[in-house]
């Protein structure tokens, strides 16, 4: 793809994203459809979210504890809960949930809408005077927006719980010490923006999956390409948007 074609593609994608953003309120008029897709997102991502949360908690516990012992001695272990909880709540849970949904829904939306495009279901919908943007795309994107914060809370809960259980089983801190240190430096003004930024992740994932699904062409291979591109761009957007939002949050909430 030439540089000019890349610029053109970015322009089309941006225009599609803006139209989708404008159409999101219409999805509120279809609460059952939106709720159905939210439920689907959560159920499909639930096993991965649980496993990812437990793994994140265990790995961070091992790394942070090892670094503290090596660099500052055994007395510094008391700071482990604070460092671990901030790492999970501010970054690992949001980005973990975002990447899980990017992998699941980026492919699912791309394949689903791609199949509908190739079987002319979308054309039939538009011939009836209905808008595919309002009927199909807006509910799916809104569902991703609503599901991501819930999934983030789930990942964070399992990560913090697994780290706590591991410390109780193999560490030196008591349950009371761990609980006090976990929340001593954790501010609500840090947690809320970190969770809310996942709504932007959800919007980016939904738009990416729907955009490439709507562009599908070339039979079953086209559906496969749409699903692949949906995952690729959704993942890229989650990572890029995260960098931008972290800087904005740090500027707004010093």
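Answer yes or no: is there a residue in the range 39-50 that is loosely packed, with under 13 Cβ neighbours inside 10 Å and touching a helix residue (DSSP H, G or I) at 6+ places or on another chain (Cβ under 9 Å). Scanning the range 39-50, I find at least one residue that is loosely packed, with under 13 Cβ neighbours inside 10 Å and touching a helix residue (DSSP H, G or I) at 6+ places or on another chain (Cβ under 9 Å), so the answer is yes.
Only a single criterion out of (1) within 30 Å of residue 78 (Cα to Cα); (2) in contact with a helix residue (DSSP H, G or I) (Cβ under 6 Å, 6 or more places away or on another chain); (3) modelled with pLDDT under 90; (4) assigned to a helix (DSSP H, G or I) is not satisfied by residue 227, namely (1). Just one of (1) within 24 Å of residue 85 (Cβ to Cβ); (2) at pLDDT 90 or above; (3) surrounded by fewer than 21 Cβ atoms within 10 Å (Cβ to Cβ) fails for residue 254. It is (2).
Could you check the range 168-188 and list, in sequence order, the residues that are over 15 Å from residue 75 (Cα atoms) and part of a helix (DSSP H, G or I)?
To start, the set of residues in the range 168-188 that are over 15 Å from residue 75 (Cα atoms) comprises 168-170, 175-176, 179-180, 182-188.
168, 169, 170, 175, 176, 179, 180, 182, 183, 184, 188 - these are the residues of the range 168-188 that are over 15 Å from residue 75 (Cα atoms) and part of a helix (DSSP H, G or I).
Is at least one residue of the range 60-72 surrounded by fewer than 18 Cβ atoms within 10 Å (Cβ to Cβ) and under 24 Å from residue 238 (Cβ atoms)? Taking every residue of the range 60-72 in turn, at least one turns out to be surrounded by fewer than 18 Cβ atoms within 10 Å (Cβ to Cβ) and under 24 Å from residue 238 (Cβ atoms). Quick check on my filter: what residues within the range 1-33 are modelled with pLDDT under 90 and either in contact with a helix residue (DSSP H, G or I) (Cβ under 7 Å, 6 or more places away or on another chain) or part of a loop (DSSP other than H, G, I, E, B) (or both)? Answer for the range 1-33, where residues must be modelled with pLDDT under 90 and either in contact with a helix residue (DSSP H, G or I) (Cβ under 7 Å, 6 or more places away or on another chain) or part of a loop (DSSP other than H, G, I, E, B) (or both): 1, 2, 26, 27, 28, 29, 30, 33. Can you report the number of residues in the range 127-142 which are surrounded by 13 or more Cβ atoms within 10 Å (Cβ to Cβ) and part of a helix (DSSP H, G or I)? Total meeting the criteria: 11.
Select from the range 192-209 the residues that are surrounded by fewer than 16 Cβ atoms within 10 Å (Cβ to Cβ) and either touching a strand residue (DSSP E or B) at 6+ places or on another chain (Cβ under 6 Å) or in contact (Cβ under 8 Å) with a residue 40 or more places away in the chain (or both) and list them in ascending order.
196
Scanning the range 54-92 for residues being touching a residue at least 40 places away in the same chain (Cβ under 8 Å) and within 21 Å of residue 180 (Cβ to Cβ) gives a total of 17.
Is it true that some residue in the range 210-218 is within 25 Å of residue 156 (Cα to Cα), under 17 Å from the mean Cα position of the chain (by Cα) and crowded, with 18+ Cβ neighbours inside 10 Å?
no
Of the set (1) under 26 Å from the mean Cα position of the chain (by Cα); (2) more than 16 Å from residue 157 (Cα to Cα); (3) surrounded by fewer than 20 Cβ atoms within 10 Å (Cβ to Cβ), all apply to residue 86 but (2). Any residue that is without any contact (Cβ under 8 Å) to a residue 60 or more places away in the chain and crowded, with 20+ Cβ neighbours inside 10 Å - is there at least one of those in the range 98-116? The answer is yes, given that some residue of the range 98-116 is without any contact (Cβ under 8 Å) to a residue 60 or more places away in the chain and crowded, with 20+ Cβ neighbours inside 10 Å.
The values are calculated or read from the model by the stated rules, or taken from the named source; none is laboratory data. Just so it is clear, the model here is predicted, and its values are computed rather than measured. Positions of Cβ are backbone-derived with ideal geometry, glycine not excepted, and every protein chain shown enters the neighbour counts.
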